[in-house]
Amino acid sequence: MSDEQILAATESVCPECLRRIPAWHVQRGVDVYLVKICEEHGCFETILWRGEPAYTSWVRPRIPTTPERPFTQIDKGCPFDCGLCPAHRQQTCTALLEVTQRCNLQCTFCFASSSDGPQKLKDPDLATIEGWYRSLLRAGGPYNVQLSGGEPTLRDDLPDIVALGRALGFDFIQINTNGLRLARSPGYVAALKNAGLASVFLQFDGVDAAIYEQLRGRPLLAEKEAAIVHCAAQELGVILAPTLVPGINTHAIGDIVRFGLARAPTVRGVHFQPVSYFGRTPAIPTDKDRITLPEVIRALEEQTGGLVKAGHFVPPGCENALCSFHGNFVQLGEGQLHAWTHHQTASCCAPKPAAEGAAEARSFVAHQWTAPSPSPPSSGPSLGGWDTLLERAKSHVFCISGMAFQDAWTLDLERLRDCCIHTVAPDGRIVPFCAYNLTARNGRTLYR
């Protein structure tokens, strides 16, 4: 094509054999594709970025920071030496601990391929989980921790796991949950809060039954609402976490934001996750099966009627710029939002060391994803309209973000080396999330 332009060279993996292969970011019109070639299995092309904000306005320079204490050495090269190895370029922001492989749903999409059928693996015991916590401390932690699975609330001793982490010095512990047990057992929610749980990352795909029937197997909205009510009673912050699948719920982006705003400040924000094709998926993806980050950003403006605008969303300060976006808002009265963030087409500041970005991201998540603490009203001199804004900012900050996880078709090793979302493997190694869950076309994995 005459308007085709190579923007960057990188490396990826072959979706068939997971061999490391050369790849390029190729711009065609306003869209950007990942194009890669395997000597054995041929050429693969996958959409990465559709339209505005422009790819070239979004990328940011970075100053890499190697892991404080790598656990593995460089041998075969990325992505085969994860642990983290000394070639990784970012420290941990959030560490996932998979405390069970069991689940009480059979979702259409599941990165862990969890099942409500016969259990494949025994749940790790508390001694094993303590070893994982201590691995994070040896690596340079404490970091933010997300307890995941499977469905972590299937463990009756989940409060003990939370309390163990808090006793070891982990101040921000969150659970990644479908919310079903939280909906039916307010006492369990209270036990988690009393153990030191800070936040609930709640699977939340839309506001009508058809979406849940297609993605989760049955209508679940009433249970999601009940879970939020029980979290509110315990002053637990909730982040809504939708998986966005074209043709199923991408029309519901605005509805999800409005639902969250109506339940603030318990709901602290929405974290959109465009579907990635690893783990359990119904089919091999084509480009029509994907929604890219700029499309989510534009849909946020269109579907909220301009309540939030595309220009309010900015690249991340922690992970690679192509991995995510975020916008931070103060919720005012009468359905109004004041944006704290604004996108600039060119950075006016020198790049920060990656470790500084990770530290800032850890601090922001720990503060803003936790339910606000009551604070006394200000007794200082009036600042006019700023009084209201500053007072609301103490309790009614609302965060809207999105993260594009990479699969075998979209994996970019430059992005992977910048990853700050890591999973603790059963043997204690620390593996970037997208590498840990990477799945070849035939289901083969590297780490899981």
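The values are calculated or read from the model by the stated rules, or taken from the named source; none is laboratory data. Since the model is a prediction, treat every value here as computed from it, not as a measurement. Because the Cβ atoms are built from the backbone with ideal geometry, glycine has one as well, and the counts that use them run over all protein chains shown.
Considering only residues of segment 227-242 that are surrounded by fewer than 18 Cβ atoms within 10 Å (Cβ to Cβ) and of a type in the set (Gly, Ala, Ser), which is farthest from Thr177 (Cα to Cα)?
Ala233
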message: Exactly one condition in (1) modelled with pLDDT of 85 or more; (2) over 30 Å from Gly443 (Cα atoms); (3) touching a strand residue (DSSP E or B) at 6+ places or on another chain (Cβ under 7 Å); (4) part of a loop (DSSP other than H, G, I, E, B) is false for Gly305; which is it?
response: (3)
- prompt: Regarding Ile63, is this residue modelled with pLDDT of 95 or more, in contact with a Pro (Cβ under 9 Å, 6 or more places away or on another chain) and over 26 Å from Thr243 (Cβ atoms)?
  reply: no
- request: Inspect segment 274-295 for any residue being modelled with pLDDT of 95 or more, among the hydrophobic types (A, V, I, L, M, F, W, C) and over 23 Å from Asp412 (Cβ atoms) and give the result as yes or no.
  value: no
statement: Among Arg263, Arg280, Arg298, Arg268, the single one that is buried (at least 21 other Cβ atoms within 10 Å of the Cβ) and among the charged types (D, E, K, R) is Arg268
- prompt: Does segment 45-56 include one or more residues that are surrounded by fewer than 21 Cβ atoms within 10 Å (Cβ to Cβ) and of a type in the set (Lys, Arg)?
  reply: yes
task: For segment 199-212, state whether one or more residues are part of a helix (DSSP H, G or I) and of a type in the set (Asp, Glu).
output: no
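Rundown of residues vs (1) among the basic types (Lys, Arg); (2) under 30 Å from Ile297 (Cβ atoms); (3) under 22 Å from the mean Cα position of the chain (by Cα); (4) not in a loop (DSSP other than H, G, I, E, B), yes/no style:
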site	(1), (2), (3), (4)
Val26	no, yes, no, yes
Glu45	no, yes, no, yes
Leu48	no, yes, yes, yes
Ser57	no, yes, no, yes
Glu68	no, no, no, no
Gln73	no, no, no, no
Gly77	no, no, no, no
Gly83	no, no, yes, no
Gln91	no, yes, yes, no
- line: Checked against (1) closer than 30 Å to Ala359 by Cβ; (2) touching a Pro at 6+ places or on another chain (Cβ under 7 Å), Leu48 satisfies every condition except (2)
